[in-house]
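The values are calculated or read from the model by the stated rules, or taken from the named source; none is laboratory data. What you see is a predicted model, and the numbers here were worked out from it, not measured in a lab. No Cβ is skipped: glycine too gets one built from the backbone with ideal geometry, and neighbour counts run over all protein chains shown. Note: areas computed on protein heavy atoms with side chains; ligands, DNA, RNA excluded. Shrake-Rupley method; radii C 1.70, N 1.55, O 1.52, S 1.80 Å.
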Amino acid sequence: METQNLSFGLSSTLPTSPIQNQKNPFFQILLKPPSSSNILTLKGVFLKPHVSFSPKSFPSKEFFQCRNCLQRIEREAITVPDSGVSKELRKKKLAVFVSGGGSNFRSIYEATLEGTVHGEVAVLVTNKKDCGGAKYAREQGIPVIVFPKAKNSSEGLSEEDLVGSLRAYNIDFILLAGYLKLIPTELVQAFPRSIFNIHPSLLPSFGGKGYYGIKVHKAVIASGARYSGPTIHYVDEHYDTGRILAQGVVPVLANDTAETLAARVLQEEHKLYVEVAAALCEERIVWREDGVPLIQSKEDPNHYK
Ligand SMILES: Nc1nc2c(c(=O)[nH]1)N[C@@H](CN(C=O)c1ccc(C(=O)N[C@@H](CCC(=O)O)C(=O)O)cc1)CN2
Ligand SMILES: NCC(=O)N[C@@H]1O[C@H](COP(=O)([O-])[O-])[C@@H](O)[C@H]1O
């Protein structure tokens with residue numbers, strides 16, 4: 001298979017892929033302007049992942065004008081294990097969306113407390129204000145936002161107010177974890193390449209409208225599939241059609257019920273979402289030339305999956 005070019009972590013619309021230069025402990029980007037032989041180098045400047053900047057004209061200046069201003073952001077140093085290199089990274093702010101018990105939310109939250117995930121859950125969003133996830137968030141002192149408004153209820157935010165609130169919390173990444181409502185286009189566009197969802201099957205199989213919760217596992221068993229597992233994908237305007245970022249695999253046993261399979265998949269979900277959240281917060285997402293997102297290994301930077 002021919003080797004592909006890789007570019008790191010930006011939601012840019014660059015005409016060419018930026019390439020990370022790993023010599024520089026900071027996030028150095030070598031950008032090949034569309035019509036210039038010289039290479040512009042940005043050193044020591046960290047671009048927030050959902051910054052996108054117009055590639056229309058590459059200024060001769062040392063930095064880019066972009067939709068969101070470039071900013072030197074307070075960072076908290078973490079040391080990348082094995083390499084021994086101290087890489088400065090800002091702790092990322094997470095918004096988690098739930099509709100039910102919230103076991104994935106709890107796994108992620110506990111991982112932030114342990115330091116496995118270099119982030120903090122700044123806010124929980126739910127369409128069910130009394131669901132298990134919301135109750136747990138309140139017990140932990142995490143702010144809870146209701147979205148969308150429940151029918152015949154005054155409680156809950158509009159789409160516009162939700163975007164404004166998430167901006168006010170300086171959210172870097174939105175993690176859907178058992179959230180059962182369609183994320184509106186307005187929110188998808190406000191947080192490009194920054195919204196993720198976990199689905200309890202190997203997408204693209206058994207996904208889309210109507211495929212949620214136990215219904216997914218019933219369909220998997222009825223199909224005779226021998227394997228199942230969670231998928232974490234980017235969220236776009238439709239259910240379960242965004243770019244796949246990570247998957248886990250579990251066996252489907254001959255005597256499985258939907259409930260026993262669901263329990264096996266859920267265990268794998270908890271592991272997978274913590275791994276992905278850790279990679280997001282450590283800026284280890286890499287975009288292959290053909291548009292497939294990959295996760296760079298923490299232990300071996302030359303290994304991707
Ligand atoms: N814009 C997006 N929004 C959401 C996505 C997504 O990929 N893009 N993922 C879902 C989560 N999900 C599967 O992973 C999912 C959730 C719900 C449904 C569904 O059919 N819902 C029912 C309503 C269910 C209810 O209100 O109890 C429906 O829309 O009729 C399918 C897939 C989260 N949002
Ligand atoms: N299509 C969406 C969907 O079915 N999501 C699924 O809802 C469950 C939520 O569990 P949790 O509330 O305990 O994290 C999880 O199994 C998740 O994959």
Q: Determine whether residue 179 is aromatic (Phe, Trp, Tyr) and either closer than 24 Å to residue 256 by Cα or more than 7 Å from ligand 1 (Cβ to nearest atom) (or both).
A: no
Q.
Among the residues of the stretch 149-167, are any closer than 22 Å to residue 269 by Cα and either more than 10 Å from ligand 2 (Cβ to nearest atom) or open to solvent by less than 30 Å² (accessible area, probe 1.4 Å) (or both)?
A. no
Q.
Checking residue 251 against (1) over 18 Å from the mean Cα position of the chain (by Cα); (2) open to solvent by 70 Å² or more (accessible area, probe 1.4 Å): exactly one of these is not met. Which one?
A. (2)
Q. Within the set of pairs 6+ apart or on separate chains, which have a first residue in the stretch 272-301 that is among the β-branched types (Val, Ile, Thr), a second that is assigned to a helix (DSSP H, G or I), and C-beta atoms under 6 Å apart?
A. 274/107; 274/111; 295/279
Q. When the residues of the stretch 190-203 are filtered to those that are open to solvent by less than 10 Å² (accessible area, probe 1.4 Å) and within 19 Å of residue 106 (Cβ to Cβ), which remaining residue is nearest to ligand 2 (Cβ to nearest atom)?
A. 199
Q.
Filter the stretch 226-243 down to the residues that are over 17 Å from residue 263 (Cβ atoms) and assigned to a loop (DSSP other than H, G, I, E, B) and list them by number.
A. 226, 235, 236, 237, 238, 239, 240, 241, 242, 243
Q.
I need the full set of residues from the stretch 226-246 which are more than 7 Å from ligand 1 (Cβ to nearest atom) and open to solvent by 30 Å² or more (accessible area, probe 1.4 Å), in order please.
A. 226, 227, 243, 244
Q. Within the stretch 176-189, restricting attention to residues that are open to solvent by 20 Å² or more (accessible area, probe 1.4 Å) and not in a loop (DSSP other than H, G, I, E, B), which residue is nearest to ligand 2 (Cβ to nearest atom)?
A. 185
